[in-house]
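Undergrad: Got a structure here, written out as structure tokens. Questions coming.
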């Protein structure tokens, strides 16, 4: 068993509200993370190399155009090297989806 946490977590970030896993990679949302303003959101990418006994954070994803109340991380998905993150609060709650590709 492994416990994943955000190294820069603040109370109320809602880390772990949405989780996606594909193989050795786990994506965990923190849709109320406030790096770019209150509830701007983020998603963390973790990988294991030892069958899940431990995980290392390999990335923290945020929107390039992040703003308060975006709630980036409202949904997360992963398939192979493609990570998709929803931000349902973006643009006056019309929403947006961001697609990221990992290098391996």
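The values are calculated or read from the model by the stated rules, or taken from the named source; none is laboratory data. Model, not experiment: these values are computed from the prediction. Glycine also receives a Cβ, built like all others from the backbone with ideal geometry; neighbour counts cover every protein chain displayed.
Undergrad: Going through the range 78-93 one residue at a time, which ones are assigned to a loop (DSSP other than H, G, I, E, B) and under 19 Å from residue 36 (Cα atoms)?
TA: Within the range 78-93, 88, 89 meet the criteria.
Undergrad: Further question: Which of the residues that make up the range 3-42 are under 19 Å from residue 102 (Cα atoms) and in a loop (DSSP other than H, G, I, E, B)?
TA: Correct list: 23, 24.
Condition check ((1) over 18 Å from residue 21 (Cβ atoms); (2) buried (at least 16 other Cβ atoms within 10 Å of the Cβ)) across all residues:
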| residue | (1), (2) |
| --- | --- |
| 51 | no, no |
| 72 | yes, yes |
| 83 | no, yes |
| 89 | yes, yes |
| 101 | no, no |
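Undergrad: If you go through the range 43-57 one residue at a time, do you hit one that is closer than 16 Å to residue 88 by Cα, within 11 Å of the chain's Cα centre (by Cα), at pLDDT 95 or above and not in a loop (DSSP other than H, G, I, E, B)?
TA: Taking every residue of the range 43-57 in turn, at least one turns out to be closer than 16 Å to residue 88 by Cα, within 11 Å of the chain's Cα centre (by Cα), at pLDDT 95 or above and not in a loop (DSSP other than H, G, I, E, B).
Conditions (1) at negative phi; (2) touching a residue at least 40 places away in the same chain (Cβ under 8 Å), marked per residue:
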residue: 13; (1), (2): yes, no
residue: 25; (1), (2): yes, yes
residue: 31; (1), (2): yes, yes
residue: 35; (1), (2): yes, no
residue: 38; (1), (2): yes, no
residue: 43; (1), (2): yes, yes
residue: 51; (1), (2): no, no
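Undergrad: Sticking with this one: For the range 57-66, which residues satisfy the criterion of being touching a strand residue (DSSP E or B) at 6+ places or on another chain (Cβ under 6 Å) and surrounded by fewer than 18 Cβ atoms within 10 Å (Cβ to Cβ)?
TA: 57, 58, 59, 60
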